[in-house]
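Student: Here's a structure for you.
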């Protein structure tokens, strides 16, 4: 059973009293993105993106609840999506990908391991995915909890 995400997102935003112009749905590199357009995005983004991350989390939990329990081994449902405001998260992802590629080049050039600063599981996933086919480097996560980080290892 597929759940239509746009009405859920609109309902959540309306119940928050959020001011927005429109919600559009697009697909970028296989990623489903629900883009919220707003004149003043500060309320929807929050400090350090906290509000948009919370909105994204809530919408995913509602969709997960409406879809029912996930069957192991079954095809993933439409819960692989991203909620964004005025391309805030999209720009963050592109910046993180650029940083990962730059650090991978540094690891290759100087032939040593590069340790990135601690980041969330989602950000680590972006780094691992970005560098999975990069020549002469391998990535791994190290550390515990909030100190978990990606290490880009030089591999000859």
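Values in this text are rule-based calculations from the coordinates and carry no lab data. Keep in mind it's a predicted model, so treat the numbers as computed, not measured.
Student: Just subtract the alpha-carbon distance of residue 37 and residue 106 from 0.36 nm times their residue separation and send over the number in nm, one decimal. Could the numbers behind the result be given before it?
Tutor: Details: separation 69, 0.36 × 69 = 24.84 nm, distance 3.72 nm.
Here the segment from residue 37 to residue 106 would lengthen by 21.1 nm.
Student: May I ask you to work out the translational diffusion coefficient for region 5-86 at 25 °C, viscosity 0.890 mPa s, via Stokes-Einstein with Rh from the Kirkwood sum over Cα pairs, reported in whole µm²/s?
Tutor: Details: Rh = 13.4 Å.
Once the numbers are plugged in, D ends up at 183 µm²/s.
Student: Hey, another quick one. Where both partners of a DSSP beta bridge lie in region 6-156, what percent of those bridges are antiparallel, to the nearest 5?
Tutor: Values: 15 of 20 bridges.
Roughly 75 percent of the DSSP beta bridges within region 6-156 come out antiparallel.
Student: Using alpha carbons only, how many degrees (0 to 90, rounded to 10) separate the axis of helix 121-131 from the longest principal axis of the chain?
Tutor: Rounded to the nearest ten degrees, it is 50.
Student: Throw me the Rg/Rh for the chain, computed over C-alpha atoms with Kirkwood Rh, two decimals. Intermediate results must be reported in sequence, preceding the final value.
Tutor: On the way: Rg = 17.9 Å, Rh = 17.4 Å.
Using only Cα positions, Rg/Rh for the chain is 1.03.
Student: With springs only between Cα atoms under 10 Å, which of 95, 39, 56 fluctuates most in a Gaussian network model of the chain?
Tutor: Highest fluctuation of the listed residues: 39.
Student: Right, next: Rounded to the nearest 500, what is the 222 nm mean residue ellipticity of the chain from helices alone, with -39500 (n - 2.57) per DSSP H run of 4+ residues and division by all residues? Walk me through the intermediate numbers first.
Tutor: On the way: 5 runs with 68 residues, N = 156.
Taken over the chain, the calculation gives -14000 deg cm²/dmol.
Student: What is the Cα coordinate range of region 92-154 on the first, second and third principal axes, sorted by size from largest, in whole angstrom?
Tutor: Principal extents (largest minus smallest coordinate, Cα): 30, 23, 16 Å.
Student: Please check: in the Gaussian network model of the chain (C-alpha springs, under 10 Å), which one of 60, 99, 21 has the largest mean-square fluctuation.
Tutor: Of 60, 99, 21, the most mobile in the Gaussian network model is 21.
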